[in-house]
Amino acid sequence: MVDISQETIEQTNTRLLAVTKQARLLAYPGTYAFLEFPLVDFPAAVRADALALVRDDAVWSQLVPCEDPAEDLFALFRFHFPGRVDNSGFVGWLASRLKRKFGTGVFVTCGQNRRDGGIFDYWGVPVAIAAEIAAELDALVAPEKIALAP
């Protein structure tokens with residue numbers, strides 16, 4: 001069950017800073033894009049290297065490694081949280097923090113792995129400022145927890 005928070009802004013900030021230090025952060029090498037295919041092509045068009053798969057009424061969109069400059073390219077990070085920590089509000093908190101500091105939005109795709117703590121998030125950021133955002137994320141977590149994805 002999700003609880004309704006009665007925290008102040010300062011309490012939320014303190015809690016989420018602590019949660020961030022407990023999370024595993026992975027920085028993915030290369031660049032990624034959302035590539036689309038028609039609904040009727042599912043599942044044959046799903047790539048084995050897709051990290052996320054979402055759809056609307058007309059297309060499937062898969063988040064995959066991509067170097068094509070004609071596509072909207074993103075650098076990618078992943079936060080994986082330990083089980084039983086209260087990370088409620090994390091996505092909005094970090095997205096707002098990055099927006100204030102860098103003036104850009106991000107995309108977030110969430111998933112769940114119950115065997116490994118629960119919720120995890122993929123964060124896509126503009127390639128042009130990926131190094132600056134990586135430094136900001138590095139400052140939020142313990143350096144020994146930063147890892148490069150396989």
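The values are calculated or read from the model by the stated rules, or taken from the named source; none is laboratory data. Predicted model, so just to flag it, every value in this text is computed and none were measured. For neighbour counting, all protein chains shown are included, and Cβ atoms are generated from backbone atoms with ideal geometry for every residue, glycine included. With ligands, DNA and RNA removed, areas are computed over all heavy atoms of the protein, side chains included. Shrake-Rupley method; radii C 1.70, N 1.55, O 1.52, S 1.80 Å.
Would you call R15 of a type outside the set (S, T, Y) and open to solvent by less than 80 Å² (accessible area, probe 1.4 Å)? Considered against the rule, which asks whether it is of a type outside the set (S, T, Y) and open to solvent by less than 80 Å² (accessible area, probe 1.4 Å), R15 comes out as yes. Of the residues that sit in region 65-83 and are in contact (Cβ under 8 Å) with a residue 60 or more places away in the chain and not in a strand (DSSP E or B), which one is most open to solvent (accessible area, probe 1.4 Å)? Here the residue is P82.
Screening region 19-38 for residues that are modelled with pLDDT under 95 and open to solvent by 60 Å² or more (accessible area, probe 1.4 Å) and picking the one that is nearest to R55 (Cα to Cα) gives R24. Listed by first and then second residue, the pairs linking a residue in region 84-112 that is without any contact (Cβ under 8 Å) to a residue 12 or more places away in the chain and under 13 Å from V19 (Cβ atoms) to a residue that is assigned to a helix (DSSP H, G or I) and open to solvent by 50 Å² or more (accessible area, probe 1.4 Å), with Cβ atoms under 6 Å apart and 6 or more places separating them unless they lie on different chains, form an empty list.
For region 84-100, taking the residues that are of a type outside the set (D, E, K, R) and closer than 17 Å to R114 by Cβ, the one that is surrounded by the fewest Cβ atoms within 10 Å (Cβ to Cβ) is identified as V85.
Selection within region 1-12: residues that are open to solvent by 50 Å² or more (accessible area, probe 1.4 Å) and either touching a Phe, Trp or Tyr at 6+ places or on another chain (Cβ under 9 Å) or within 9 Å of S88 (Cβ to Cβ) (or both). The member of this set that is modelled with the lowest pLDDT is V2. For beta carbons closer than 8 Å, sequence separation of 6+ or different chains, a first residue in region 25-52 that is within 21 Å of G124 (Cβ to Cβ) and free of Cβ contacts under 8 Å to residues at least 40 places away in the same chain and a second that is in a loop (DSSP other than H, G, I, E, B) and open to solvent by less than 50 Å² (accessible area, probe 1.4 Å), the qualifying pairs are L35/C66; F37/A45. Kindly evaluate F74 against the criterion of being closer than 22 Å to L16 by Cα, under 16 Å from the mean Cα position of the chain (by Cα) and of a type outside the set (D, E, K, R). No, not satisfied. Comparison of A50, A33, A44 shows that the only residue that is closer than 16 Å to E71 by Cβ, in a loop (DSSP other than H, G, I, E, B) and not charged (D, E, K, R) is A50. When S88 is tested against the conditions (1) closer than 20 Å to Y32 by Cα; (2) assigned to a loop (DSSP other than H, G, I, E, B); (3) out of contact with any Gly (no Cβ under 8 Å at 6 or more places or on another chain), the lone failure is (1). Each residue in region 111-142 was checked for being open to solvent by less than 20 Å² (accessible area, probe 1.4 Å), modelled with pLDDT under 90 and in contact with a Gly (Cβ under 9 Å, 6 or more places away or on another chain), and 1 of them qualify. Regarding region 85-102, can at least one residue be identified that is small (G, A, S), closer than 19 Å to C66 by Cβ and in contact with a Leu (Cβ under 9 Å, 6 or more places away or on another chain)? No, because not a single residue in region 85-102 is small (G, A, S), closer than 19 Å to C66 by Cβ and in contact with a Leu (Cβ under 9 Å, 6 or more places away or on another chain).
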